[in-house]
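Every number here is computed from the coordinates shown, using simple stated rules; none is lab data. This one's a predicted model, so the numbers in the text were calculated from it and none came from an experiment. Positions of Cβ are backbone-derived with ideal geometry, glycine not excepted, and every protein chain shown enters the neighbour counts.
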Amino acid sequence: MNSAARKADPAVRLQGLDFSHLDGLSQNPASVAGQSGQTGCGAALEQGAKWVLDGYHDIFALGLWRRACALGAVQVQLRGIGALHIQICGRDGAGNVIRGPICPVQLQCGAPHIQPLPDRLYTDAVLLWIELFVPMETRIDDLAWVTSQPPLAVPHLAIVITTYRREPQVRALTARLSQGLSQQDGSPYQGPIPQVLVIDNGGTLDPKDPHFGGNVTLISSPNLGGSGGFARGILEARAAGATHCLFMDDDASAAPEAVWRCRQFLAYATDPAWAVAGALTQAERPDLLWENGARFDRFCTPCHKGTNLTERSSVHAMIVAAEAHEHHGALVANYGGWWFFGFALDAVRHMPFPFFVRGDDVGFSLANDLRIATLPGVVAGQDEDFAAKESPLTGYLDLRSHLVHHLALRQLGGRRRDVVRIALRFGLRALVLHRHDSLSAMTLAVSDVCAGPERFAQMADLQERREQIAQASQTERPQPAPQSHLAQISRPQTQMLQIGPLRRLWARVSLNGYLLPGMSRWGHELSTTGTAVPQMIWGARTITRQGLDGTVVITSHDPQRGRAEFARFLRAVGGMLWHQRRLRRQWQAQYGALTSVRFWQDQLSRRR
């Protein structure tokens, strides 16, 4: 197929080497210098170097591009000066390595060299990488996967950033995007420079700030949470003539090259329902994935959580496994987080649901039946781990969104046993973690869901509920860490050795002492970072969670309050189950009204 490419056709850049990550330089004698090309810099390679570009940011997911896109010839384009030998390699769906021939290349300053992809690699490989052998000192200014195939569309991309009183983060992000996105790839299919729309929910950003202007537009908006901010972004993007949107968090660390890869994938996608979900890395371990897309099936399940991005074998296995799974007719992920989420506006039939935050990204993907793609190197970092963000408010938000999804979205079925399982899992988890404030907030979440869609329309800004939950919180407020917890945070293995199997079994049977007496006599104290996982918490009388900011949340066994809060929770769940058929009909009938353009126009205009 590649041999049929017309040499006169311009090379359209699909994915460039992002020199800022240097995945291929870790084991090679090379240095980075200069500013050049779409990826922002180049590399000087010493004589005798071997450059293996098979890391997470370097590989090309050919299988996904072939399946989702109108993609013809694929080639490698190099710019620089010097001489080298290039070998294009790949893995097939069974994980077998396929190697192309080693080809000598002479690079001349300013002139691009196009290396075609061998036919066997194009037809059999699901991922590709490049290996370079350097017989003499050589400089690489640019290296990219390109094609001579014109895109199906030239996207007019609007990048929507919703922010609330995080001025330093949004200034840093807009500066990085404004500089990185202004570069051109030299093809006639470049399209307009992406427009960055900053939705200021807090009203604290200054329109005269030099960070705004040019391709960055600041839009002041009432605080309707992430749902309202991104809904406003869609309305503004359409008004500006955009064809595609990319949602980003205000503290997103995604590079401009990740934006480019997303844009080009959407430009070649054969179905407008394809969307690109950026991966997310953990704050404490940026080399580990928190998720690479996610599934919602009763609960939110991250895909490929814990994959080490520095281990080539793990990264390759992740992509090959995803490809094999998708060949059997099911996508690995069915929604993507809004820290980085790109999609075509033509695919949007439902605007975000007014959840304020939590669950809006899940509902948006499922309601619009989007097909989720994840691309190597398209990744964002987070300031802190999600586990450290648990609070009564997030418990309220998470449970009510899970219940609404199952009641309102027909494809989830809304079965009684699923709703029971969701509610009990949330409630029991809060109980055994001694999170009584969260359990009280979850009871409120069930009541709000039972009140129907009108309740959500009336409190789209969530101000009353946020204040109510904050005032009712007694024990789950962060506080300065006691001196005894600053020196050492106990690890799970240490805690597991402190109680025997019989005591742990007793803790499980008694739901950490809430069904049987004696917890105050035999329970132990647990200290942990983030959120204690179930294996750790059994038998814990007191749980101290330390956040990344040094504060702690201390929850303790309180049988009287725990039993009372759980009884209230069960009564609320029982009422929901009793009226479930009516609630399901009501939610399915009115869900469309609360995800309509008119609804959001009314909400935004009412609060201006």
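How much length is gained if the chain between L515 and Q463 is pulled fully straight, taking 0.36 nm per residue apart and subtracting their Cα-Cα distance, in nm to one decimal? The partial results should precede the final answer.
On the way: separation 52, 0.36 × 52 = 18.72 nm, distance 3.63 nm.
So the chain would gain 15.1 nm between L515 and Q463.
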query = On a 0 to 90 degree scale, rounded to 10, what angle separates helix 463-472 from the longest Cα axis of the chain?
reply = 60 degrees
request  = Multiply the residue gap between S220 and H579 by 0.36 nm, knock off their C-alpha separation, and tell me the result in nm, one decimal place.
outcome  = 125.2 nm
message = Between (i) -0.54, -1.10, -1.24, -1.38; (ii) -0.65, -1.14, -1.25, -1.35; (iii) -0.49, -1.10, -1.25, -1.38, which entry matches log10 I(q)/I(0) by the Debye sum over Cα atoms at q = 0.07, 0.11, 0.12, 0.13 Å⁻¹ as derived from the coordinates of this structure?
response = (iii)
message = Give me, ordered by chain and number, the residues 5 or more places off T162 or on other chains with an amide H under 5 Å from its own placed amide H.
response = I199, M248, D250
ask   = Within region 419-462, what residues put their amide N at less than 20 Å from the label point 7 Å along the Cα-to-Cβ vector of R477?
value = 434-442
Acute angle (nearest 10 degrees) that the helix 416-432 long axis makes with the longest principal axis of the chain, alpha-carbon atoms = 80 degrees
request  = Based on other C-beta atoms within 10 Å, arrange H304, H579, H436, H156 from fewest to most.
outcome  = H579, H156, H304, H436
ask   = In nm, to one decimal, how far is the D369 label point from the Q190 one, both placed 7 Å along Cα→Cβ?
value = 3.8 nm
ask   = Which shape class applies to region 139-193: rounded if a/c is under 1.5, otherwise prolate when a/b exceeds b/c and oblate if not, where a ≥ b ≥ c are the square roots of the Cα gyration tensor eigenvalues?
value = oblate
query = Between D119 and R455, what is the label-to-label distance in nm when each label sits 7 Å out along the Cα-to-Cβ direction?
reply = 6.5 nm
Residue-averaged 222 nm ellipticity for the chain, from DSSP H runs of 4+ at -39500 (n - 2.57), nearest 500 = -11000 deg cm²/dmol
